[in-house]
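Taking it in order: structure first as structure tokens, then the write-up.
Throughout, read-outs are computed from the coordinates displayed, never taken from laboratory work. Source: prediction; values computed, not measured. Neighbour counts are summed over all protein chains in view; Cβ atoms, including those assigned to glycine, are modelled from backbone coordinates with ideal geometry.
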Amino acid sequence: MTLKHLTILNYRNIATAELDFSPKINCFLGSNGEGKTNVLDAIYFLSFAKSTACSIDSQNIRHGEEVMMLQGIYDLNGSEEEITCGMRLHQKKHVKRNKKEYRKLSEHIGLLPLILVSPNDTELILGGSDQRRRFMDVVISQYDNEYIQALVAYNKALNERNAMLRADEEPNPDIISIYEQMMAQHGTVIYRKRTAFIEEFIPVFQQFHNAITGGKETVSIQYTSHGQRGDLLEVIQRDRAKDRIMGYSLHGIHKDELEMQLAGYPLKREGSQGQNKSYLIALKLAQFDFLKRTGSRTTPIILFDDIFDKLDTERMENIIALITQPDFGQIFITDTNRENLDRILSKTNDDYKIFQVQGGELGVRS
């Protein structure tokens, strides 16, 4: 899959842009704060119908403007696809495929598989468990629509149960039991799919990590879930009285955790900045490999946002050797340093384009 053409109107600090891309490597060069990341975020929005930078859609509209629009023309396994995302201030967003609007946004997820590697990924290691659950959700949702449906249904039941737990009046036992049964039913589906994903994912991740570090470090991922404690309905209902005191549900797959390990110890406690970044890039490259082999069986687009900061020369060279292999498809890279980009481009005979970004304006650079 490749993104052939991108149109941007009033997205974040970009007033307007019409960009034709190389089918292989596209580089965005510029100082911090000029808009490089916003271009990648626009591409991300076309895949997921939301921004990675701001969860409130209207705040992605350029300051002082009333409307924003993104349009991408893709080559998807030999077929041309036009995806449009747009919205007016104080109105809902509209996402269209070939000029036809989706009934549900979940129908779009997975059509355009995409991997983003960015500085914000450090939250996967240093942030709360919700960040690591979201990592699983993003990957699995791109190839398994049943997972998306189960996740939506589980979260709806969870929210209803929590509302009853917080209410002044004592919850009706028959009604709260219905929501617990829904949580258990959909949660079991989610747990099984997460378990299968992690078991297949770990060896691929370790292979990429070995390639980046030269095999100098031992890494793993430990998945823990309340689903491992037996029947999920019993687990959820066991502490209903305590949940009532706390005002929220203490048990369920919404508490799942991934412990990221370095040499058998928690990475967040042991890892240096360079080790953390190597771990994260290996995670994302494994995610790329996983999506390429599953779902729509198309090669995902990769977005690399400022990936070389905090990395030593050896790890940088190893990553470049990986991403310039034929197995990888279309790549978008941002950097403030032209030397880093030249180092990448010198390793490949593939077609490439370099764009200069300044003040939200983009131009092709030689």
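Among S278, S249, S55, which comes first, then next, by fewest other beta-carbon atoms within 10 Å?
Ranking S278, S249, S55 by Cβ neighbours within 10 Å, fewest first, gives S55, S249, S278.
Would you list, by chain and number, the aspartates and glutamates whose Cα falls below 17 Å from the Cα of K100, excluding same-chain residues fewer than 8 positions away?
Within reach: E80, E81, E82.
Taking other Cβ within 10 Å of each residue's Cβ, how do D289, D137 sort, fewest first?
Ordered from fewest to most neighbouring Cβ atoms within 10 Å, D289, D137 come out as D137, D289.
How far apart, in nm, are the 7 Å Cα→Cβ label points at V67 and K92?
The answer from the label model is 1.9 nm.
Going 7 Å from the Cα of S31 along its beta-carbon direction, which residues of the stretch 339-366 have the amide nitrogen within less than 14 Å of the resulting point?
357-361
Give me the percent of DSSP beta bridges within the chain that run antiparallel, rounded to the nearest 5.
The antiparallel proportion sits near 70 percent.
Could you calculate the contour length gain from R343 to S177, that is, 0.36 nm times the residue separation minus the distance between their Cα atoms, to one decimal place in nm?
53.8 nm
Could you please rank F135, F328, F45, placing first whichever residue has the fewest other Cβ atoms within 10 Å of its Cβ?
If I rank by nearby Cβ atoms, fewest first, I get F135, F328, F45.
Based on DSSP loop calls and a cut-off of at most 12 other Cβ atoms within 10 Å, the longest stretch of the chain free of exposed trypsin sites (Lys or Arg not before Pro) is what?
Numbers: sites that count: K92, K99, R103, K104, K216, R297.
Here the longest segment lacking exposed loop sites spans 105-215.
Given the chain, report the % of alpha carbon pairs whose separation exceeds 25 Å.
58
To the nearest whole percent, what portion of all C-alpha pairs in the stretch 1-135 is separated by more than 18 angstrom? Provide the component values of the computation, followed by the final result.
Working: 5164 of 9045 pairs.
Here the tail beyond 18 Å accounts for 57 percent of pairs.
Under 5 Å between amide H atoms, partner at least 5 residues away or on a different chain: which partners does N13 have, H built in plane at 1.01 Å?
Excluding prolines and chain starts, which carry no amide H, there are no hits.
Compute the signed sum of charges (Lys and Arg +1, Asp and Glu -1) over the other residues within less than 13 Å, Cβ to Cβ, of I14.
-2
Can you give the charge dipole size of the chain about its Cα centre, rounded to the nearest 20 debye, using +1 on the beta carbon of Lys and Arg and -1 on the beta carbon of Asp and Glu? Display every interim value, and only then the final one.
On the way: 45 positive and 50 negative charges, 65 e Å.
My answer is approximately 320 debye.
So if R0 is 51 Å, what FRET efficiency would R238 and E317 give, r being the distance between their Cβ atoms, rounded to the nearest 0.05?
Working: r = 53 Å, r/R0 = 1.03.
With a Förster radius of 51 Å, E is 0.45.
Once you place label points 7 Å from the Cα toward the Cβ at A163 and Q131, how far apart are they in nm?
3.1
Using alpha carbons only, how many angstrom separate the centre of the stretch 72-89 from the centre of the stretch 27-58?
16
Once the dipole of the stretch 163-305 is set up with Lys and Arg at +1 and Asp and Glu at -1 on Cβ about the Cα centre, which of H186, A196, F290 lies farthest towards its positive end?
The listed residue farthest towards the positive side: F290.
If you only keep lysine pairs separated by 8 or more in sequence, or across chains, how many in the stretch 130-294 come under 17 Å at the Cα atoms? Could the numbers behind the result be given before it?
On the way: K156/K255; K193/K255; K216/K277; K242/K255; K268/K277; K284/K292.
For the stretch 130-294, qualifying lysine pairs total 6.
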